[in-house]
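To start, the structure itself, in structure tokens.
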Amino acid sequence: MTAQLIINGLVLSLTIALMSAGMTLIFGILRVVNFAHGEFYMFGAVIAFFAMNRAGMGYVEASIMAIATVGLLGWVANRLVFRRFHGKLIEGCIAAIALSIGFQQVGWMIFGPHQQILTSPLTGSVEIFGAIVTMDRLLIIGVALVVILGLAWFINSTKMGKAMRAVQQDSEAALTLGISVNRVAGLTFGIATALAALAGTLVGTVYTVYPTMGMLPLTFAFIVIIVGGMGSVMGAFIAAFIIGFQHSLTSTFWGPQFALGLSLGLAMLMLIFRPRGLMGHA
Amino acid sequence: MAILEVDKVTKRFGGLEALRDVDLRLESGELVGLIGPNGAGKSTLFDVVSGVTRPTSGKVFFQGEDITGMKPHRIAEKGLARSFQATRLFGNLSVLKNIQLACHIPARTNIAGDVFRLPSVRQRESEAQQKAIDIVKLGGLEVVSDELAKNLPHGYQRALGVAIALAVEPKLLCLDEPVTGMNAEETRFMMGFIEKIRKEGITILLVEHHMKVVMDICDRITVLNFGRKIAEGKPDEIQGNKDVIEAYLGRPEDVT
Amino acid sequence: MLKIMNRRGLNWVIPTVIGGSLLLALPWFGRAYYTHIFILIFLNIILAMGYRLLYVTGLVSFCHVTFYAIGAYTSAILAMKLGLPFGICFLGGGIAAAAAAAFLILVTSKARGAYFFLISFSFLGVMNTVFMQWRSVTGGASGITSIPPIISGFDTVVNNYYIFFAFTILTIFIMYLLDRSRFGSELMAIGEAEDLAEVIGIDVLRHRMVAAAIGALFAGFAGSLFAHYESFIAPTSFPMWTTIYILSWCVIGGVRKFWGPIVGAVLMTAISEYGRMMGAMHAIFYAAVLLAVIMAMPNGIVGLVDTLRTRFGRRQYLGGDTKLGAGPPPVVDE
């Protein structure tokens, strides 16, 4: 029972971490609240599904294709729509909402209303600490963990990662240092949406795929970036674990609705008493 | 009784000390200049005096009353008005509308009376409208009264900033760099404007970089550097003061 | 100046009278379906106009639908559990919503723009959980049924239509009074330059609380009317999408004038209904319109009208007909 809780908590936390890392990057660097982030997550799962079931690809290839496609889509979305709203919060938000509505509808149209599932490449189960754990969940945990560590390395150690942090702190100063803010913005959006798509392809193996599947992860992502501090990737990671485990635990005893309400209440309290979150800048 | 008393005010922003133990005293009717190199803390002092920021320590007294940490709108009600260093206007509204809005305090409306046009409020409101027109004329803004504030040339914008502060019916007016970016013609006008304000009996605290203006019109001058007061006195005393000259790294270019 | 005011007045009187008469006559020559749609449009207008009040002060909230819901639930609960007459329930709904809004503004007074948006988003979620979980009071997911009508014995669609119509007219009138008052101008000033507003003596926090309270008051009233009209409410009656729509009506219609949200609400509800005939594409169509407007006309339709008016209209200067660019201001010497 406990092991099951822990595994579920891990799965939830890690997938939320993927979602919210991207979203907090978009907010920190572009000052845009990406209301459509859930739809990029959904597209990841949907494209992978079609790649596997129509084009006969294996899971790994299908996922890679889906992630790359969605990353590109995110880059294009920034180029065509969001670029003009950098720093303009309300307008950017509304544009994101418009995209969200449109994307969801596109999802409806190409996927249909029936929930489907992505077949995981790993089957069977394994025994850990006396509990039965399914391999597909382990896959999610493994992949997500690797990617998250990779992201942390990327932001801290590479030149582009440093450029991103520079733009987040002061985009004008970054310009004077020769950093192409537009390029950083495009790349940020691409990476963020790719992360969301990855979360989608992972979760699609364990839970079902459907056009509005992005709404709940979006809500979680909002909560996490609030609690973690908007713009802080490290804060998002920590908060993702707090919220993920809180949700797993509470929903077992009092149902998912109540658990969500609790998380939202936490977010509200955080915003009232410490608006910059756990690790955000003032 | 001094109209304004700043008593050992210190302001820290995290690790940065913007003001340190600053004392300042203004008598009613004076025109006092506040000068110092960039970053000396002049605008921060304004923010503390007008209630925009709370000092880390120290007190501010206005007409004998402790106004430390009071909210800006209450301080404005007491008769202290200020203009901003970076032009702050209601950009999408006309010049006249800007000043009408600034007559908020003289209009003394309450919300219900205002919305339902009750007679008690209507009288005061029409007086306020007249007052707004007077101020437009005083500020030489009739020519542009219907223009949107954001479309005004720089000189007019600064004049509007001062006019807005004037509409508050202040006893003390704090002007933050009113002639910055103005040409000689506009600067002359602003000086005339300030003189007119002074003749009304309004005390003025003036921050400026334009040394000729400061030396010409101020009764007294206080000098800040790195958040501390380094000198105070009459214009000719300040001009010859070694510390002041050093603070500016050589002679200020406009001092005669 | 008087001449221009009269001409402007005339511009509005004739279309309003014509429009008003058409609306009054609608239930008699339209199908019942259309009457119901118009009731929804009236509700949307009230919600959008109320939302605008806080929006112009620079606070974009995401929970206006929650105030609507609070009004509906309060009214329904007062009627069902305490058997109170409609009038009391109606007032109760409005007051509960207004109090919630004022309280929200008060506790979030330190929050900046984006944060307030997110706080209100969280508030929406928290209240939704309350509505779902507090089964004993709110009926949980099943909601509340058999809510008594607005006026018993008078409960046909047509009669309710006139009640909604009357209340909408009242709301529009009050919003008009607010818009042209000093208070209304001050709200817009706060949205323009908050710190300037503070130093000229405007109590920004209090103004925002009043604006939020009035907006929520009308949302609460609308919720009450809705609950007693439909006679059934549940958490699904107040989806998050409604709050998004309210925001989009204000954006599209524009908020610089009080009638912007009316245009936005009517236009987008009409497009939504028309789009329904287009089948699956209607959401895409709606999204496309929203995107196009925010990218090309950030000030909405009101902004568009204003721009046209400035291009082709006349100006009035205090100093007579002197043109701009007549040189530096005259030196004042006395």
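Observations on the structure shown:
- Furthest towards positive pole of dipole, B:HIS210, B:ALA132, B:VAL143, structure part chain B, Cβ charges: B:ALA132
- Magnitude of the charge dipole for the protein assembly as shown, about its Cα centre and with charges confined to Cβ atoms of Lys, Arg (+1) and Asp, Glu (-1), is about 1200 debye.
- Per-pair calculated FRET efficiency, R0 = 41 Å: A:LEU216 and A:SER157 via Cβ, rounded to 0.05: 0.80
- The mean number of Cβ atoms from other chains found within 10 Å of a Cβ in peptide B:144-150 is 4, as a whole number.
- Globularity ratio of the stretch C:262-303, using Cα Rg and 2.2 N^0.38 Å: 1.18
- For chain B, built as a Gaussian network whose Cα springs stay under 10 Å, the top-fluctuating residue of B:PHE62, B:PHE13, B:PHE90: B:PHE13
- Quotient of C-alpha Rg and 2.2 N^0.38 Å, computed over the stretch C:3-108: 1.43
- Mean-position separation - Cα centroids, the stretch C:31-47 and the stretch C:186-230, in angstrom: 25 Å
- With the alpha-carbon atoms of the stretch B:1-128 aligned to their principal axes, the span from lowest to highest coordinate is 51, 35, 29 Å, starting with the largest.
- Normalised by 2.2 N^0.38 Å, where N counts its residues, the alpha-carbon radius of gyration of the stretch B:1-70 equals 1.06.
- By the beta-carbon count within 10 Å of each Cβ, the least crowded to most crowded order of A:MET23, C:MET268, fewest first, is C:MET268, A:MET23.
- The stretch B:125-256 - convex hull of alpha carbons, volume per residue in Å³: 130 Å³
- By the count of neighbouring beta-carbon atoms within 10 Å, fewest first, C:HIS207, A:HIS37 end up ordered C:HIS207, A:HIS37.
- Considering the stretch A:1-90, its Cα convex hull presents a mean projected area of 7.6 nm².
- As a proxy for reagent exposure, A:PHE49, A:PHE43 were ordered by neighbouring Cβ count within 10 angstrom, fewest first; the result is A:PHE49, A:PHE43.
- Over 29 Å between alpha carbons, listed pairs A:LYS88/A:LYS162; B:LYS71/B:LYS171; B:LYS42/B:LYS131: B:LYS42/B:LYS131
- In summary, the aspartates and glutamates within cross-link reach of C:LYS110, defined as a Cα separation below 19 angstrom excluding same-chain residues under 8 places away, comprise B:ASP47, C:GLU192, C:GLU194, C:ASP195, C:GLU198, C:ASP203.
- Estimated translational D of the stretch C:26-240 in µm²/s (Stokes, Kirkwood radius over Cα pairs; 10 °C; 1.306 mPa s): 89 µm²/s
- Label-point separation, C:SER231 to C:SER109 (7 Å along Cα→Cβ), nm: 4.6 nm
- Debye log10 I(q)/I(0) for the stretch C:216-305, one point scatterer per Cα, at q = 0.12, 0.18, 0.19 Å⁻¹: -0.44, -0.90, -0.97
- All-pairs Cα distance distribution in the protein assembly as shown, expressed in whole percent, bin size 10 Å: 2, 11, 18, 21, 19, 15, 9, 4, 1, 0
- Extreme residue, positive dipole direction of chain A, given options A:GLN116, A:THR193, A:PHE220 (C-beta unit charges): A:THR193
- Dipole magnitude of chain B, debye to nearest 20 (Cβ charges: Lys/Arg +1, Asp/Glu -1, about Cα centre): 720 debye
- Its Kirkwood hydrodynamic radius, worked out from the mean inverse distance over all distinct Cα pairs, puts the stretch C:84-170 at 16.0 Å.
- For the stretch B:92-161, the Kirkwood hydrodynamic radius from C-alpha pairs, put into Stokes-Einstein at 20 °C and a viscosity of 1.002 mPa s, yields a diffusion coefficient of 169 µm² per second.
- Each 10 Å bin from zero up to the one holding the largest Cα-Cα distance in the stretch A:2-212 carries the following percent of pairs: 9, 33, 33, 19, 6, 1.
- Per-residue 3J(HN,Hα) values for the stretch A:90-96, derived from phi via the Karplus relation 6.51 cos²θ - 1.76 cosθ + 1.60 with θ = phi - 60°, read 5, 5, x, 4, 5, 4, 5 Hz in sequence order (x marks Gly and Pro).
- Between B:THR53 and B:VAL48, the built amide H atoms are under 5 Å apart, and every one of these is 5 or more places off in sequence or on another chain.
- Simple rule: put +1 on each Lys or Arg Cβ and -1 on each Asp or Glu Cβ in chain B, find the dipole, and look at B:ILE3, B:HIS104, B:MET182; the Cα lying farthest toward the positive end is B:HIS104.
- The stretch A:198-232 residues near the modelled A:GLU61 label - backbone nitrogen below 20 Å, point 7 Å along Cα→Cβ: A:198, A:201-202, A:205
- Long-range amide H partners of B:CYS174 with built H, under 5 Å: B:ALA81, B:ARG82, B:SER83, B:LEU205
- Annotation: average projected area of chain B is 14.4 square nanometres, based on the convex hull of Cα atoms across all directions.
- Whole-Hz ³J(HN,Hα) from phi, Karplus 6.51 cos²θ - 1.76 cosθ + 1.60, for the stretch B:86-102, glycine and proline x: 7, 3, 10, 9, 8, x, 8, 10, 6, 4, 4, 4, 4, 6, 4, 4, 5
- Note on A:MET234/A:LEU269: beta-carbon distance plugged into 1/(1 + (r/R0)^6) with R0 of 25 Å gives a FRET efficiency of 0.75.
- Under Stokes-Einstein, with the Kirkwood radius over Cα pairs as Rh, the value for the stretch A:95-169 at 4 °C and 1.567 mPa s is 78 µm²/s.
- Test item: Cα-centred dipole of chain C, Lys/Arg +1 and Asp/Glu -1 on Cβ, debye: 500 debye
None of the figures in this text is laboratory data; all of them are computed from the coordinates on show. The model shown is predicted, which means the values in this text are computed figures rather than measured ones. All Cβ positions, even for glycine, are placed from backbone atoms using ideal geometry, and neighbour counts span all protein chains on display.
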